[in-house]
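Bear in mind that the values in this text are calculations on the coordinates, not laboratory data. What you see is a predicted model, and the numbers here were worked out from it, not measured in a lab. FYI the Cβ positions are ideal-geometry reconstructions off the backbone, even for glycines, and counts take in every protein chain you see.
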Amino acid sequence: MGTPARRGGTDGCGPGGWPRRILDAAGRCLRRLARLVAGLIVALLLALLVGALWPENRHWQEPERGITIFVAGTAAHTELILPVAAAGHDWRDRISGHHFRDGRTPAAYLSFSWGERNFFLTTETWADFRLSAGLRALVRGHETLIHVYRIDGPPEAAPLRLSEAQYRRLVSHLGAQFAESREVISGYGETDSFFPARGRYTPFRTCNQWTRDALAEAGVRVGRWTPLAQSLMWRFRREEEAE
């Protein structure tokens with residue numbers, strides 16, 4: 001006669017077998033998921049690094065003479081600051097005093113940045129940031145706006161000199177980013193406004209990629225994919241930082 005099977009054995013047939021098998025299977029799934037997430041994070045970091053370092057317009061050099069613009073950036077957002085009038089182009093043909101709450105006509109500089117409409121209008125500072133608005137901009141963002149600030153004094157940003165031909169390409173590109181709509185939305189204060197823009201905001205085409213695209217169109221050496229502000233701004237330094 002054979003030996004009776006032991007109850008509670010580890011072959012999965014006893015009373016304690018099924019819970020253990022379920023726990024083992026769950027553990028394997030969690031480990032695989034963890035490896036997948038880690039792999040995706042590494043792949044994303046590599047893509048960000050390669051995108052920032054792999055240059056477009058590799059042979060560009062800043063000219064000795066030309067028109068100075070400025071590139072400004074925070075921890076999350078970048079913008080371009082251009083003279084109101086230069087190289088035969090006058091932004092006052094499009095943006096005048098009645099576009100600002102205080103009614104003053106631009107005379108020195110204008111800054112331009114781009115972003116998802118709802119996020120722009122609800123997030124003036126980091127104190128106003130809501131995770132739901134950020135996720136909506138990345139996942140469901142459709143309409144976009146160009147944010148224009150009037151700057152009356154010297155910009156506190158990284159200077160960048162362009163030739164006249166490069167500058168004209170830049171302003172032509174920026175002008176084409178405005179939608180045909182004549183809608184103007186009051187900004188956060190007396191000196192800024194929002195204008196309807198072309199294009200859709202996505203994780204691959206962010207506000208910082210928009211700034212990059214404009215500089216690339218002008219012929220400036222920039223990384224090929226710069227969705228983060230740091231991906232773009234490391235190439236540009238303010239004068240006091242360069243000394």
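For this structure, a couple of remarks:
- Residue by residue, the range 124-139 carries 3J(HN,Hα) couplings of 6, 9, 4, 5, 8, 5, 10, 4, 4, 5, x, 5, 4, 4, 6, 9 Hz when phi is fed to the Karplus relation 6.51 cos²θ - 1.76 cosθ + 1.60 (θ = phi - 60°); x denotes Gly or Pro.
- Normalised by the number of residues in the chain, the average gap of Cα pairs under 8 Å and 6 or more apart makes the relative contact order 26 percent.
- In the chain, the calculated helix contribution to ellipticity at 222 nm averages -11000 deg cm²/dmol per residue, counting -39,500 (n - 2.57) for every DSSP H run with n ≥ 4.
- Those GluC sites (Glu not before Pro) in the range 51-158 that DSSP places in a loop and that have at most 10 other beta carbons within 10 Å: 64
- Look at 145, 160, 135 and count the other Cβ atoms within 10 Å of each Cβ; fewest to most, that gives 135, 160, 145.
- Cα gyration tensor, the range 103-243 - rounded (a/c under 1.5), prolate or oblate: rounded
- Helix 207-218 vs. the chain, principal-axis angle (Cα, 0 to 90°, nearest 10): 50
- Exposure proxy order (Cβ contacts within 10 Å, fewest to most) of 194, 112: 194, 112
- Net +/- balance of residues flanking residue 168 in space, Cβ distance below 14 Å, scoring K and R +1, D and E -1: -2
- Taking other C-beta atoms within 10 angstrom as a stand-in for reagent exposure, 188, 149 fall in the order 188, 149, fewest first.
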